[in-house]
1. Before I look further, what does segment 5-55 give for accessible area per residue, probe 1.4 Å, in whole square angstrom?
2. Using 0.36 nm per residue, how much length does the chain from ALA16 to ASP59 gain when fully extended, once their Cα-Cα distance is taken away?
3. Considering only the other residues whose Cβ falls under 11 Å of the Cβ of ILE55, what net charge follows from Lys and Arg at +1 and Asp and Glu at -1?
4. Run the simple label-point estimate for LEU46 and PHE67 please: 7 Å along Cα→C-beta, distance reported in nm.
5. Expressed in nm to one decimal, what extension gain is obtained for the pair HIS30 and LEU7 from 0.36 nm per residue of sequence separation less their Cα-Cα distance?
Amino acid sequence: MLTEFGLRLRSARSDAGLSQEDVHYGYGVHRTYVSGAERGQRNVSLLMVVRFATIYGVDPATLVRGFRHTPELWPLRGVGDAPFPPPPEDG
């Protein structure tokens with residue numbers, strides 16, 4: 001998922017006609033952060049997804065559309081065989 005996101009990010013930057021250095025000097029995002037995100041080595045926050053989309057002139061949804069949770073990536077408690085624990089009793 002991170003690798004695919006990085007490819008989308010790189011494509012959006014390229015389509016916007018920007019280099020990693022342009023993003024760094026023009027928008028204050030460090031070049032190594034951009035590079036790591038584009039290589040799928042950074043788990044980019046929602047705020048940064050929106051920031052990148054704004055810089056590149058795209059809808060943030062285009063960067064994340066189609067991604068789905070899979071248990072191999074991160075098992076969710078309360079899904080499938082792992083029910084949520086009961087809430088604490090007042091007292």
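The values are calculated or read from the model by the stated rules, or taken from the named source; none is laboratory data. Just so it is clear, the structure is predicted and the values come from calculations on it, not from any experiment. Note that we place each Cβ from the backbone using ideal geometry, even for glycine, and neighbour counts take in every protein chain shown. When the accessible area is computed, the model is the full protein with side chains, heavy atoms only, and any ligands, DNA or RNA have been set aside. Shrake-Rupley method; radii C 1.70, N 1.55, O 1.52, S 1.80 Å.
1. 56 Å²
2. Values: separation 43, 0.36 × 43 = 15.48 nm, distance 1.28 nm.
Difference between extended and current length: 14.2 nm.
3. Here the count lands on +1.
4. Spacing of the two 7 Å Cα→Cβ label points: 1.2 nm.
5. Contour length minus the Cα-Cα distance gives 6.5 nm.
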